[in-house]
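See structure below.
The values are calculated or read from the model by the stated rules, or taken from the named source; none is laboratory data. Only a predicted model underlies this, so the values are computations on that prediction, with no experimental measurement involved. In this analysis, Cβ positions are derived from the backbone assuming ideal geometry, glycine residues included, and neighbour counts consider all displayed protein chains.
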């Protein structure tokens, strides 16, 4: 599978250039919480997280989902995104390093445009997938 070039129409099997983020910090978590309005203390207060059965505060899952979406839209353009669906698979913790990547799974010519479907993953340094997603774009 080849790496995608930004000036060509994608083909099935083309891969996004993987992008790394991290190591994640509590500051990253809090900044996302401020931007999203999700102030759940599980994501910034270790004592609260531990009282809830977690070893420490952990990232808001939408933070990883947003990183993954940004990697896809940086390539094919946010204006072309028509659908984004994701599934949270693993929690992310302070110190994690994430790799976001994806592959083109479908290219379908339509009347005036081309529909492109990507399978995307945000993977922790452990190899565990934190977020799996699909994104659908219309180009043309």
- Inside the stretch 93-140, the number of residues satisfying the requirement of being assigned to a loop (DSSP other than H, G, I, E, B) and either within 14 Å of residue 20 (Cα to Cα) or out of contact with any helix residue (DSSP H, G or I) (no Cβ under 7 Å at 6 or more places or on another chain) (or both) is 13
- Could you tell me which numbered condition residue 33 fails, if it satisfies all but one of (1) in contact with a strand residue (DSSP E or B) (Cβ under 9 Å, 6 or more places away or on another chain); (2) farther than 22 Å from residue 10 by Cα? (1)
- Reported set for the stretch 18-55 where residues are under 19 Å from residue 125 (Cα atoms) and exposed (fewer than 14 other Cβ atoms within 10 Å of the Cβ) is 18, 20, 23, 25, 55
- Message: I'd like to know if the stretch 79-86 contains one or more residues that are under 20 Å from residue 9 (Cα atoms) and assigned to a helix (DSSP H, G or I).
- Response: yes
- Message: So, in the stretch 28-50, exactly how many residues are assigned to a helix (DSSP H, G or I), over 15 Å from residue 66 (Cα atoms) and in contact with a helix residue (DSSP H, G or I) (Cβ under 7 Å, 6 or more places away or on another chain)?
- Response: 5
- Message: With the structure loaded, tell me whether residue 58 is buried (at least 19 other Cβ atoms within 10 Å of the Cβ), at pLDDT 95 or above, in a loop (DSSP other than H, G, I, E, B) and in contact with a helix residue (DSSP H, G or I) (Cβ under 8 Å, 6 or more places away or on another chain) or whether it fails that test.
- Response: yes
- Specify which of the listed residues (123, 134, 99) is without any contact (Cβ under 8 Å) to a residue 60 or more places away in the chain and closer than 14 Å to residue 24 by Cβ. 123
